[in-house]
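Engineer: Pasting a structure here, questions to come.
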Amino acid sequence: MSGSLPVTSLLGFFVTSVFTRWWEMFRNIPWPDQTAILTTSFIRGQDRESKKIRETVIRNVNVVIAMTFKKLSPSVRKKYPTLRSLTSQGYLTAEETLIIENLRSRTSVDMTYVPIVWACKTVDKAQNDEYISSTHNKIDLMTEILDIQSKCMELSHWTMRAVPLAYCQVVAIVVYFFYLSSVVGGQSLEPERHLKGHTNVYFPIFTLLQLFFYIGWLKVGESFTDPFGDDDDDFEFLKLLERHRQMSKMLSEQKPGDLPKAISILDLHVAAES
């Protein structure tokens, strides 16, 4: 029976397919760290205006991530059910919320592009106002911002490419049918007694172990099919969103005193010896 049903090949292909899909989703989760680092490095100055520019750019990037996570994760959607809830948590200003709501009333197009446009325009204005030293730095920063938008869009698109339910059902049916047929087919007859229908029933320990391995393999594959839920093995978007917010705030509030003095390797060795 084990040779007639390609259970191992079928399960292997199933788990490989869903894990590859899961890994691509994980790789497309946006992280604002690099954008925050470049923003802090390229937008110069410690005056109020330069700090406001940095905070605006990083905040707009986090708004895009929050809006994307809100579409995908039930836990994030429960905590931030509306744009107003994002406003109350400091992601959006009242004016920005009103602009997005007005745009939504006119079109059904996804609004996550709007904060990205704001961030890019803020960077462009910063370069015109000489807060950014060169066009090359501006392009690098805009490229990072657009990469965040690209990852958010790609992550959203995965919800449109769900694993077919029939595929999961077929694999599960094959595994359970293989187990039942192995248990029944594994019973041995006693030919010396020549009694039709008489069987020698035994406990199929190796078949049972094989079932445990296959069922475990199947459950692993099923856990990868939809990582956007509230299960323990799903992506923790709510914690990730809070982590992004804290990290962005820390990176955008760097002061000149946070940068250590430059020192040569020779001076470092001398200081260590002394």
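The values are calculated or read from the model by the stated rules, or taken from the named source; none is laboratory data. Quick caveat: nothing in here was measured; it's all calculated off a predicted structure. Counting neighbours? That spans all protein chains shown, and the Cβs are built from the backbone with ideal geometry, glycine included.
Engineer: Regarding V109, is this residue without any contact (Cβ under 8 Å) to a residue 60 or more places away in the chain, within 22 Å of S50 (Cβ to Cβ) and under 23 Å from the mean Cα position of the chain (by Cα)?
Structural biologist: no
Engineer: Still on this structure: Can you name every residue in the range 130-145 that is among the charged types (D, E, K, R) and either over 20 Å from E49 (Cα atoms) or within 22 Å of the chain's Cα centre (by Cα) (or both)?
Structural biologist: Once the filter is applied, which keeps residues that are among the charged types (D, E, K, R) and either over 20 Å from E49 (Cα atoms) or within 22 Å of the chain's Cα centre (by Cα) (or both), the range 130-145 yields D140, E144.
Engineer: Could you please tell me which pairs satisfy a Cβ distance under 7 Å, a separation of 6+ or placement on different chains, a first residue in the range 37-65 that is over 13 Å from W118 (Cβ atoms), and a second residue that is among the charged types (D, E, K, R) and modelled with pLDDT of 90 or more?
Structural biologist: Close Cβ pairs satisfying both conditions: L38/D140; L38/E144; T39/R54; T40/R54; I43/R54.
Engineer: (1) among the small types (G, A, S); (2) touching a helix residue (DSSP H, G or I) at 6+ places or on another chain (Cβ under 8 Å); (3) without any contact (Cβ under 8 Å) to a residue 24 or more places away in the chain: which one isn't true of S88, the others all being true?
Structural biologist: The number of the failed condition is (2).
Engineer: Identify, from the list L241, L251, the residue that is at pLDDT below 85, closer than 30 Å to F42 by Cβ and within 35 Å of the chain's Cα centre (by Cα).
Structural biologist: L251
Engineer: Something else: Just for the range 126-146: of the residues that are free of Cβ contacts under 8 Å to residues at least 24 places away in the same chain and in a helix (DSSP H, G or I), which one is farthest from T35 (Cα to Cα)?
Structural biologist: N128
Engineer: Hey, another quick one. Might you let me know whether the range 140-155 holds any residue that is touching a Leu at 6+ places or on another chain (Cβ under 7 Å), at pLDDT below 80 and either closer than 23 Å to F228 by Cβ or not small (G, A, S) (or both)?
Structural biologist: no
Engineer: Among the residues of the range 1-36, count how many are free of Cβ contacts under 8 Å to residues at least 24 places away in the same chain and within 27 Å of M250 (Cβ to Cβ).
Structural biologist: Residues in the range 1-36 being free of Cβ contacts under 8 Å to residues at least 24 places away in the same chain and within 27 Å of M250 (Cβ to Cβ): 1 in total.
Engineer: Follow-up. Which one is surrounded by the fewest Cβ atoms within 10 Å (Cβ to Cβ) among residues in the range 133-149 that are within 14 Å of N62 (Cα to Cα) and either in contact with an Asp or Glu (Cβ under 7 Å, 6 or more places away or on another chain) or of a type outside the set (D, E) (or both)?
Structural biologist: Only one residue fits best here, namely L146.
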